[in-house]
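Visitor: Just passing along the structure, written as structure tokens.
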Amino acid sequence: MPGSVTFERHDDVALLRLDNPPVNGLSFAMRAALGERVAQALADEAVKAIVIAGADRMFCGGADIREFSAPPPPGAAHLPAILDEIEASPKPVVAAIHGVAAGGGMEVALACHVRLAAPGTRLGLPEVTLGILPGAGGTQRMPRLIGIEKALDVIVGGKLHPVEKALALGFVDECVEGDLVETAIARARRLAADGAPLRRASKLTEHLEAALGRPEIFDDFRKKMAKRARGFDAPYACVDCVETTLTMPYAEALKNERAVFHRLRESDQSAAQRHAFFAEREVAKIPDVPKATPVRSIASAGVVGCGTMGGGIAMSIANAGLPVTVLESSPEALDRGMAIIRRNYAATVSKGRLSQAQMDARLARITPTLDDADLGAADVVIEAVFEELPLKKEVFARLDLVCKPEAILATNTSTLDVDAIAAATSRPERVIGTHFFSPANVMKLMENVRGARTSPETIATVMKLSKKLGKVGVLVGVCDGFVGNRMLYAYRRQADFLLEEGALPEQIDRVIYDFGLPMGPYQMADLAGLDVSWRVRKAQAPNRPAHLRYSPIADRICEQGRYGQKTGAGWYRYEEGSRLPIPDPAIHELIANVSAELGIERRAISDDEIIPRCLYPLVNEGAKILDEGLALRAGDIDVIWMHGYGFPRYRGGPMFWADLVGLRTIYDTMSRLHDEHGEWLAPAPLLKRLAEQGKGFREVD
Ligand SMILES: NC(=O)c1ccc[n+]([C@@H]2O[C@H](COP(=O)([O-])OP(=O)(O)OC[C@H]3O[C@@H](n4cnc5c(N)ncnc54)[C@H](O)[C@@H]3O)[C@@H](O)[C@H]2O)c1
């Protein structure tokens with residue numbers, strides 16, 4: 001029966017099986033059932049030993065996260081107490097683990113006296129990734145079992161480890177090749193017959209004693225994780241709880257762990273991280289592209305243009321194990337592009353993150369060419385030539401001639417009209433945008449841009465390709481900048497206006513960094529290079545509406561040949577060979593001159609003014625995008641911002657964050673800013689509607 005723990009007697013051994021498809025999640029009902037079955041086995045005199053196993057696909061995937069949003073029902077079974085009972089059992093308890101043991105499931109296994117696992121099993125404590133911690137003894141049993149430092153890695157790392165690694169670390173006792181459950185039953189029976197003392201993790205002291213004289217372990221670990229854990233509460237709470245193994249008696253530490261678990265579970269950060277988890281899964285759901293949509297198999301790919309993006313895209317494809325042919329327009333450009341690819345791989349090898357053999361295998365999958373015909377067999381071709389519409393149209397017309405009729409033709413354009421590019425071919429239904437982010441071999445986001453005629457099959461195939469490349473593909477519609485950059489423009493524009501009104505780049509960058517983004521807009525611009533967007537702005541200048549405020553600061557900086565890091569100067573200056581941005585008095589003067597020219601009296605801008613002024617307009621633009629149907633869900637926008645721009649996961653993305661701030665607050669502020677600073681800040685109709693209804697973006701269908 002689903003949602004239960006079954007009880008089977010195998011002579012004198014009780015076999016308890018967690019049975020709650022699809023992952024045997026520990027819902028309230030399952031916890032109660034586990035408690036009852038354990039009690040039954042303990043009370044049954046004919047039972048001498050117990051085996052706990054999982055039904056079907058796995059041992060246990062952990063708690064049911066969906067239950068976190070509501071308070072537990074009255075009298076709900078308390079997992080830590082059940083696990084204490086399992087551990088204290090005088091009858092040996094053996095965990096027979098297959099598939100996955102994660103989170104609460106892993107904690108069940110930790111409470112058993114022996115852990116046997118099948119080959120291919122993955123095990124770990126990923127709670128931290130959801131903004132919580134292992135709250136059923138995990139922070140106490142794991143360190144006692146495998147040692148403090150290893151336990152910190154397992155708990156704060158939050159990864160699922162292959163069984164071999166778990167065995168080496170010591171939280172699996174044996175990997176069983178044969179029949180797992182039979183072996184576990186035999187082992188349990190033998191333990192009962194031997195009557196030898198049982199190994200109870202909470203009673204182990206050896207590792208704690210070894211760490212007693214070294215309290216610095218914890219601060220060292222905090223320092224080590226500081227960069228990656230910046231802004232997150234849960235990793236620090238995990239370390240604090242592991243530290244109590246040395247400072248509190250077990251029972252007290254367990255109580256403390258539970259209290260911290262509850263605090264984290266109720267926190268905005270955990271809600272945000274849970275939202276992120278579900279939103280990442282939801283992006284795959286496309287209403288008019290149902291699961292049954294046929295998907296073309298992609299066995300080989302082509303890339304056109306081996307520049308910054310094309311090179312990174314080719315690497316991503318090769319990294320995923322697919323052969324890729326890279327087409328360039330000249331031998332020099334091809335050599336240059338391939339040399340950069342080789343250099344990038346070599347850098348990863350020298351950091352020890354890739355073996356030489358892996359590098360060679362990946363490089364061998366990339367075939368450089370100058371001949372269009374070599375793309376004839378590719379199942380998908382991704383174009384990444386210069387951002388010029390006539391050029392892209394010409395490239396697509398040529399591809400249409402040489403590529404097999406069923407091949408998908410994708411463009412990596414960041415601003416151009418995918419429909420106009422598709423119109424240059426005889427197969428617009430097989431044309432789509434695949435907007436990668438730089439560096440394309442690292443960044444996980446792909447905005448997959450659906451043109452007016454893109455077919456469901458093409459969409460389904462490219463969404464699957466994103467997955468195959470280890471990326472998160474989010475389907476978006478055609479508009480200027482698509483979803484991410486269109487919102488970025490709205491934020492950057494206001495940042496520039498704040499400069500005219502009195503702020504400095506380093507102040508805005510600091511506030512945005514402290515909010516949790518990896519860098520502010522000006523450091524980001526210097527990193528990306530200022531010249532490309534300058535060229536775009538110049539091209540757009542004749543059509544710029546005169547009534548809309550426009551800041552000339554960025555143009556003035558470019559006019560001085562300051563294009564960012566690559567020229568040693570941009571919004572900041574850089575010392576030779578360094579990427580450290582240094583505030584530059586020349587830029588301060590340039591900004592002050594612009595303010596004076598525009599007749600703006602500079603004033604002190606408080607840090608508190610910067611987030612609403614920059615990020616509310618970003619959210620406002622997101623509301624317009626949602627209303628225009630260019631993103632399917634607010635959660636899709638959040639995924640774009642977390643994976644494409646480093647919006648902090650503990651804030652759940654801009655739309656989730658906006659819901660937490662309250663759309664009423666954002667709407668009222670936007671209305672006021674609109675009155676004070678003009679047209680760009682007009683509140684989006686959807687924002688107004690939701691604010692008036694007291695709703696959030698999560699409630700938009
Ligand atoms: N750089 C970014 O951060 C970024 C991010 C997302 C999307 N994009 C988009 O990706 C595309 C490429 O940008 P990039 O930054 O890699 O530019 P890039 O200038 O680094 O590379 C473009 C490459 O295309 C090659 N090329 C030009 N014409 C060609 C042709 N007819 N046939 C084959 N190759 C040709 C050039 O030799 C050059 O190597 C653009 O559409 C751009 O808007 C860029």
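The values are calculated or read from the model by the stated rules, or taken from the named source; none is laboratory data. Treat the numbers as computed from the prediction; the structure is a model and nothing was measured. Because the Cβ atoms are built from the backbone with ideal geometry, glycine has one as well, and the counts that use them run over all protein chains shown.
Visitor: What do you reckon, is residue 17 charged (D, E, K, R), in a helix (DSSP H, G or I), modelled with pLDDT of 95 or more and under 41 Å from the mean Cα position of the chain (by Cα)?
Guide: Values: charged (D, E, K, R): yes; in a helix (DSSP H, G or I): no; modelled with pLDDT of 95 or more: yes; under 41 Å from the mean Cα position of the chain (by Cα): yes.
Judged against the criteria, residue 17 is not a match.
Visitor: Further question on the same structure: Somewhere in region 226-233, is a residue part of a helix (DSSP H, G or I) and modelled with pLDDT of 95 or more?
Guide: Step one: list which residues in region 226-233 are part of a helix (DSSP H, G or I), which gives none.
Taking every residue of region 226-233 in turn, none turns out to be part of a helix (DSSP H, G or I) and modelled with pLDDT of 95 or more.
Visitor: Could you run through region 220-235 and say how many residues are under 22 Å from residue 271 (Cβ atoms) and surrounded by fewer than 16 Cβ atoms within 10 Å (Cβ to Cβ)?
Guide: Number satisfying all stated conditions: 3.
Visitor: In region 284-299, how many residues are under 30 Å from residue 365 (Cα atoms) and under 20 Å from the mean Cα position of the chain (by Cα)? Spell out the reasoning first.
Guide: Looking only at region 284-299, we keep the residues that are under 30 Å from residue 365 (Cα atoms), and these are 284, 293-299.
Adding the requirement that they be under 20 Å from the mean Cα position of the chain (by Cα) leaves 284.
The number of residues fulfilling the criteria is 1.
Visitor: So residue 625 passes all but one of these: (1) touching a strand residue (DSSP E or B) at 6+ places or on another chain (Cβ under 6 Å); (2) within 23 Å of residue 680 (Cα to Cα); (3) exposed (fewer than 14 other Cβ atoms within 10 Å of the Cβ). Which condition number does it fail?
Guide: Failed condition: (3).
Visitor: Is one or more of the residues making up region 474-495 within 13 Å of the ligand (Cβ to nearest atom) and among the polar types (S, T, N, Q)?
Guide: Yes, that holds for at least one residue.
Visitor: Is region 599-607 home to any residue that is surrounded by fewer than 16 Cβ atoms within 10 Å (Cβ to Cβ) and touching an Asp or Glu at 6+ places or on another chain (Cβ under 6 Å)?
Guide: Yes: one or more hits.
Visitor: So if I check each of 302, 352, 337, 312, which one is under 28 Å from the mean Cα position of the chain (by Cα) and near the ligand (Cβ under 10 Å from one of its atoms)? Reasoning before the result, please.
Guide: Values: 302 fails: near the ligand (Cβ under 10 Å from one of its atoms); 352 fails: near the ligand (Cβ under 10 Å from one of its atoms); 337 fails: under 28 Å from the mean Cα position of the chain (by Cα).
That would be 312, the only listed residue that is under 28 Å from the mean Cα position of the chain (by Cα) and near the ligand (Cβ under 10 Å from one of its atoms).
Visitor: Shifting gears a bit: Looking at residue 292, is it assigned to a loop (DSSP other than H, G, I, E, B), small (Gly, Ala, Ser) and away from the ligand (no atom under 13 Å from the Cβ)? Show your work before the answer.
Guide: Details: assigned to a loop (DSSP other than H, G, I, E, B): yes; small (Gly, Ala, Ser): yes; away from the ligand (no atom under 13 Å from the Cβ): yes.
Spelling it out, residue 292 is indeed assigned to a loop (DSSP other than H, G, I, E, B), small (Gly, Ala, Ser) and away from the ligand (no atom under 13 Å from the Cβ).
Visitor: Of all the residues that make up region 394-426, how many are more than 10 Å from the ligand (Cβ to nearest atom), touching a helix residue (DSSP H, G or I) at 6+ places or on another chain (Cβ under 7 Å) and farther than 28 Å from residue 299 by Cβ?
Guide: Looking only at that region, the number is 1.
Visitor: Keeping to region 42-62, report how many residues are of a type in the set (Gly, Ala, Ser) and either in contact with a Leu (Cβ under 8 Å, 6 or more places away or on another chain) or at positive phi (or both).
Guide: 5
Visitor: Here is a list of conditions, (1) assigned to a loop (DSSP other than H, G, I, E, B); (2) of a type in the set (Ser, Thr, Tyr); (3) within 20 Å of the chain's Cα centre (by Cα); (4) buried (at least 19 other Cβ atoms within 10 Å of the Cβ), and residue 434 meets all of them except one; can you say which number that is?
Guide: So the condition that residue 434 fails would be (1).
Visitor: Condition check: surrounded by fewer than 21 Cβ atoms within 10 Å (Cβ to Cβ) and either farther than 29 Å from residue 209 by Cβ or hydrophobic (A, V, I, L, M, F, W, C) (or both). Does residue 174 satisfy that?
Guide: Taking the combined requirement at face value, the residue does not satisfy it.
Visitor: If you don't mind, another one. Mind counting the residues in region 438-463 that are acidic (Asp, Glu) and part of a strand (DSSP E or B)?
Guide: 1
Visitor: Okay, next question. Which of the residues that make up region 137-187 are within 13 Å of residue 239 (Cβ to Cβ) and not in a helix (DSSP H, G or I)?
Guide: 158
Visitor: Answer yes or no: is there a residue in region 346-365 that is farther than 22 Å from residue 465 by Cα, surrounded by 16 or more Cβ atoms within 10 Å (Cβ to Cβ), in contact with a strand residue (DSSP E or B) (Cβ under 8 Å, 6 or more places away or on another chain) and not hydroxyl-bearing (Ser, Thr, Tyr).
Guide: no
Visitor: Which pairs have Cβ atoms under 9 Å, sit 6 or more apart or on different chains, and link a residue in region 294-319 that is touching a residue at least 12 places away in the same chain (Cβ under 8 Å) and charged (D, E, K, R) to one that is assigned to a loop (DSSP other than H, G, I, E, B) and more than 15 Å from the ligand (Cβ to nearest atom)?
Guide: That search, which allows pairs on different chains as well, returns 296/379; 296/406; 296/407.
Visitor: Confirm whether residue 456 is away from the ligand (no atom under 15 Å from the Cβ) and within 23 Å of residue 634 (Cα to Cα).
Guide: For residue 456, the condition - away from the ligand (no atom under 15 Å from the Cβ) and within 23 Å of residue 634 (Cα to Cα) - is met.
Visitor: Under 6 Å between Cβ atoms, at least 6 apart or on separate chains: pull out the pairs that start in region 407-418 with a residue that is outside the structural domain of residue 376 (by TED's automatic domain parsing) and end on any residue that is within 7 Å of the ligand (Cβ to nearest atom) and in a loop (DSSP other than H, G, I, E, B).
Guide: none
Visitor: Further question: Which count do you get for residues in region 56-90 that are part of a loop (DSSP other than H, G, I, E, B), of a type in the set (A, V, I, L, M, F, W, C) and under 26 Å from residue 145 (Cβ atoms)?
Guide: Here the count works out to 3.
Visitor: A further question follows. Going by the conditions given, is residue 46 of a type in the set (A, V, I, L, M, F, W, C) and outside any strand (DSSP E or B)? If you could, list the steps in order and put the result at the bottom.
Guide: Numbers: of a type in the set (A, V, I, L, M, F, W, C): yes; outside any strand (DSSP E or B): yes.
The answer is yes for residue 46.
Visitor: Take the residues in region 397-425 that are assigned to a helix (DSSP H, G or I) and out of contact with any strand residue (DSSP E or B) (no Cβ under 6 Å at 6 or more places or on another chain); name whichever of them is surrounded by the fewest Cβ atoms within 10 Å (Cβ to Cβ).
Guide: 401
Visitor: Tally the residues that are within 18 Å of residue 334 (Cβ to Cβ), in a strand (DSSP E or B) and either of a type outside the set (Val, Ile, Thr) or under 29 Å from the mean Cα position of the chain (by Cα) (or both), restricting the search to region 359-387.
Guide: Number of matching residues: 5.
Visitor: Checking residue 579 against (1) modelled with pLDDT of 95 or more; (2) within 36 Å of the chain's Cα centre (by Cα), only one condition comes out false. Which one?
Guide: Of everything listed in (1) modelled with pLDDT of 95 or more; (2) within 36 Å of the chain's Cα centre (by Cα), residue 579 misses just condition (1).
Visitor: Specify which of the listed residues (440, 378) is surrounded by 15 or more Cβ atoms within 10 Å (Cβ to Cβ), closer than 17 Å to residue 318 by Cα and near the ligand (Cβ under 10 Å from one of its atoms).
Guide: Just one listed residue meets the conditions, 440.
Visitor: Let me ask something else about it. Filter region 315-334 down to the residues that are more than 16 Å from residue 365 (Cβ to Cβ) and either surrounded by 15 or more Cβ atoms within 10 Å (Cβ to Cβ) or within 9 Å of the ligand (Cβ to nearest atom) (or both) and list them by number.
Guide: Scanning region 315-334 gives 328, 329, 330, 332, 333, 334.
Visitor: Identify, please: which residue in region 295-326 is assigned to a helix (DSSP H, G or I) and of a type in the set (Val, Ile, Thr) and is, among those, nearest to residue 355 (Cα to Cα)?
Guide: Out of the qualifying residues, it is 317.
Visitor: Residues that are without any contact (Cβ under 8 Å) to a residue 40 or more places away in the chain and of a type outside the set (Asp, Glu): does region 378-387 have at least one?
Guide: Among the residues of region 378-387, not one is without any contact (Cβ under 8 Å) to a residue 40 or more places away in the chain and of a type outside the set (Asp, Glu), which makes the answer no.
Visitor: Search region 115-126 for residues that are at pLDDT below 95 and pair each with any residue that is crowded, with 24+ Cβ neighbours inside 10 Å when their beta-carbon atoms are under 9 Å apart and the residues are at least 6 apart or on different chains.
Guide: Pairs that qualify, where the first residue is at pLDDT below 95 and the partner is crowded, with 24+ Cβ neighbours inside 10 Å: there are none.
Visitor: Sort out which residues of region 511-548 are away from the ligand (no atom under 16 Å from the Cβ) and either assigned to a loop (DSSP other than H, G, I, E, B) or at pLDDT below 95 (or both), and write them in order of number. Please lay out each step first, then the result.
Guide: Taking region 511-548 first, the residues away from the ligand (no atom under 16 Å from the Cβ) are 511-517, 520, 522, 541-548.
516, 517, 520, 541, 542, 543, 544, 545, 546, 547, 548, listed by residue number.
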